[in-house]
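Written out below as structure tokens is the structure these notes cover.
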Amino acid sequence: MRFNYFLATCLFVLSMTSCTKKTSLKKEQKQPNIVFIMSDDHAYQAISAYGHGLNNTPNIDRIATEGAIFNRGYVTNSICAPSRAVMLTGKHSHINGKVDNILPFNWDQDNFAKGLQAVGYQTALIGKIHLKGLPQGFNYSNVLPGQGEYYNPDFIENGVKKRYQGYITTITTEIALDWLENKRVQDTPFLLLYHQKAPHRTWMPEAKYLDLLTKVNFTPPANFFDDYKGRPAAAKHEMGIYKHMDVVYDLKMLDKEGTLKTKYRKWFQAQHDRMDDAQRKLWDAHYDPIIAQFLKENPTGKELALWKFNRYMRDYLSTIQSVDDGVGEILDYLDQNGLTENTIVVYTSDQGFYLGEHGWFDKRFMYEESFRTPILMKYPKEIKAGTVVNNLIQNLDFAPTFLDYANADIPSDIQGESFRKLINGEQSEWRDAIYYTYYEFPGEHHVQRHYGVRTDRYKLIHFYYQDDYWELYDLEKDPSEMNNLYNDVDYVKVQANLHKRLEELRVQYGDSEELDEQNLSAFLKAKGLVK
Ligand code: SGN
Ligand code: CA
């Protein structure tokens, strides 16, 4: 008895000694660490914490279980590079200048990583950022050139390009873990932007997940066969699963005989060629039987639409499984190193994505599935486990929120608002409406230029440039946005209020037709459409 007690005491003293560094770190460090996880095109419908039942993402869900889930997280401009520019600057696209994926981003302007550096943070940016130029505000950067490649990707480490062998999602996680363990200055608050390329098109899964969903049959959303009645911009789209998904490029039917001569076959051929022999062997072992069956059955019409939808879902969701694993590894690292308590972890995407709603893939529209984005966040010190946030939050709000947590100054020209006090229940007042803009037209997927306002219940959108018309939705009665109520007699008052609120927001955020003209002419020039 006595001996065991002695042994236990020794073990306790020993373990305390080995933990001294971590314990003292906790005591000394007042500012929280921040791990900001962003994936690319990850629809909230494909995170199990949101309850859509499509897949299982236990690690991402853990962030919500241990912290908060946001049911009304939105972007300001549903496309990659602009979304990231908004996230970094806390300013709308027309202010930070990165209005579309085409025009350049000016890294010289202020961003929240620079703000955190100024108050002593070590900062790192790892993975996809989609903003050209050497990232500013980061002690360490290791980013993808442009969109990046799923297999054997190139990265640019502090400005120097280097190829990695393997699968992009796991490599990005390894680089992030290596920075946490070996590269950051220990005992200093840190900011880690850990940004996955996945599950961006063309949804290429990791070898170990190729068979994950082979046997699962997915039912498409109720409006999969949408006729776009009353919505002319939606009708002009080029992002239909049935019509626009390329059987070889998007759906991997690269038959060896070359019978499937699709428009983008050569692009997928390049992806396939990029793999090494071992990778290609595993890939082909999975897809070859599917290709053979597809050629044999040769589905057409509705059958082909459903076949495409299912192939898309299987690849897209399998790709997400590796993202979820990476989140688990990062959370485990924090746990194992005594960092969990003092670290804020956010999971989000650069925008939402269509998983068959309106018959679509891709994003860009102000309709809910692409306007909305998942946001899950934990910070044990301040956020109660199981918190649900139903307020209208935008990616505009990340920059001021992080500066707030770090006790850094929030520059007065930042347009977002810190939601720190909102989540911990110290603040009840919040904005009643959010503003949206989309500019990349003419462009891929053919989504018209538009802007609009969303309140708790309604949405007003103005499509302009080639067309000029409005759409109004009652989201309570019509959450799938199938019924355009603009000029409906029952909504005269609602319509007038929305117009007023939209104008107020344009003034508040400094948007104007003049700015839009300037952006448009720069865009047309950059695309070579005018001289
Ligand atoms: C690529 C994709 C598009 C996608 C854009 C923008 N085509 O061009 O489908 O909309 O990226 O995506 S692909 O043939 O190259 O896959 S974003 O997330 O970077 O904005
Ligand atoms: Ca994206």
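Put simply, the chain fits an ellipsoid with semi-axes of 37, 31, 23 Å; these come from the alpha carbon gyration tensor as the roots of five times its eigenvalues, largest first. Relative to one another, the C-alpha centroids of the stretch 265-327 and the stretch 44-64 are positioned 23 Å apart. Tally Lys/Arg at +1 and Asp/Glu at -1 over every other residue whose Cβ is under 10 Å from the Cβ of THR170; what's the total? With Lys, Arg at +1 and Asp, Glu at -1, the net is -3.
Of the chymotrypsin sites (Phe, Trp or Tyr not before Pro) found in the stretch 437-482, those that fall in a DSSP loop while having at most 14 other beta-carbon atoms within 10 Å are TYR465. The Cβ shell under 12 Å around ILE129 holds other residues with a net charge of +3, Lys and Arg each +1, Asp and Glu each -1.
With a Förster radius of 25 Å, plug the Cβ-Cβ distance of GLN269 and ASP178 into 1/(1 + (r/R0)^6) and report the FRET value to the nearest 0.05. According to the calculation, E is roughly 0.15. Volume per residue of the convex hull around the Cα atoms, evaluated for the stretch 415-496, comes out as 152 Å³.
Kirkwood Rh over Cα pairs of the stretch 232-304 into Stokes-Einstein at 37 °C, 0.692 mPa s: D in µm²/s?
The Stokes-Einstein estimate is 241 µm²/s.
Qualifying GluC sites (Glu not before Pro) in the stretch 156-262, where qualification requires a DSSP coil assignment and no more than 16 other C-beta atoms within 10 Å, comprise GLU238, GLU257.
Positive end of the dipole of the chain (Cβ unit charges, origin at the Cα centre): among GLY97, ASN59, ASN487, the Cα lying farthest that way belongs to ASN59.
Applying a length cut-off of 27 Å (Cα extent along the axis) and a mean Kyte-Doolittle floor of -1.0 to the DSSP H helices of the chain leaves 2-28, 277-297, 301-336.
Note on the chain: antiparallel DSSP beta bridges, both residues inside, total approximately 55 percent of the bridges counted.
List the GluC sites (Glu not before Pro) within the stretch 338-427 that DSSP assigns to loop and that have no more than 10 neighbouring Cβ atoms inside 10 Å. Those that pass, being in a loop and sparsely packed, are GLU426.
Post the alpha-carbon centroid distance, the stretch 65-113 to the stretch 362-377, in whole angstrom. The stretch 65-113 and the stretch 362-377 have Cα centres spaced 13 Å from each other. In the chain, helical runs assigned H by DSSP with n ≥ 4 each contribute -39500 (n - 2.57); averaged across all residues and rounded to the nearest 500, the mean residue ellipticity at 222 nm is -11000 deg cm²/dmol. Annotation for the stretch 168-218 versus the stretch 457-531: alpha-carbon center distance of 36 Å. Over all Cα atoms in the stretch 391-531, the spread is summed up by Rg and Dmax: 17.7, 54 Å.
Electrostatic tally near ARG431: other residues with Cβ closer than 12 Å to its Cβ, Lys and Arg +1, Asp and Glu -1, net -3.
Computed from the coordinates by the stated procedures, all read-outs in this text should not be read as laboratory data. Remember, it's a predicted structure, so these values are computed and weren't measured experimentally. When we count neighbours, we look across all protein chains shown, and the Cβ atoms used for this are built from the backbone with ideal geometry, even at glycine.
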